[in-house]
Amino acid sequence: MNRKQLMVMWIVIGVIGLMCLFPPWEETYPLRSPASYALIFSPPIGLGVRLDLARLLPPLAVAIIVGGALIITFRDRKPPHSGQ
């Protein structure tokens with residue numbers, strides 16, 4: 001990996017880490033409804049609060065896909081073989 005790829009990789013790891021550190025929550029009682037984003041170790045106060053994976057997984061997937069695309073884009077290009 002070259003320097004640009006390493007930078008992209010660490011930025012994506014940081015973004016994913018922050019998304020997982022402050023995930024979205026949902027209230028499940030009395031009705032399911034979105035709650036706020038809160039620290040994973042300190043969920044919002046309420047009855048029946050759980051992680052909202054439906055709101056967490058799409059941004060994680062986008063971060064992974066964009067990061068992978070940027071890593072591929074920044075790869076070192078080898079000159080074409082001249083055949084001599």
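For the chain, find the longest principal axis of its Cα atoms and tell me its angle to the long axis of helix 3-21, 0 to 90°, nearest 10.
10 degrees
Using only Cα atoms and rounding to the nearest 10 degrees, what angle (0 to 90) does helix 53-73 make with the longest principal axis of the chain?
Approximately 10 degrees, to the nearest 10.
Considering amide H positions built from the backbone, and no H for Pro or chain starts, which residues 5 or more places from residue 49, or on another chain, come under 5 Å of its amide H?
The answer is 28.
Along the Cα-to-Cβ line of residue 16, 7 Å from the Cα, sits a label point; which residues in segment 47-66 have backbone N less than 14 Å from it?
Backbone N within reach: 57-66.
Do you know the relative contact order of segment 3-73, to the nearest whole percent, from alpha carbon pairs under 8 angstrom that are 6+ apart?
Once divided by the residue count of segment 3-73, the mean separation gives 35 percent.
For the chain, what is the calculated [θ] at 222 nm in deg cm²/dmol (nearest 500), taking -39500 (n - 2.57) for each run of four or more DSSP H residues and dividing by its residue count?
Helix-only estimate at 222 nm: -16500 deg cm²/dmol.
Every number in this text was worked out from the coordinates using simple rules, so none of it is lab data. Note that the coordinates shown come from a computational prediction; the quantities given were computed from them, not determined experimentally. With ideal geometry, Cβ positions are generated from the backbone for all residues, glycine too; neighbour counts draw on all protein chains shown.
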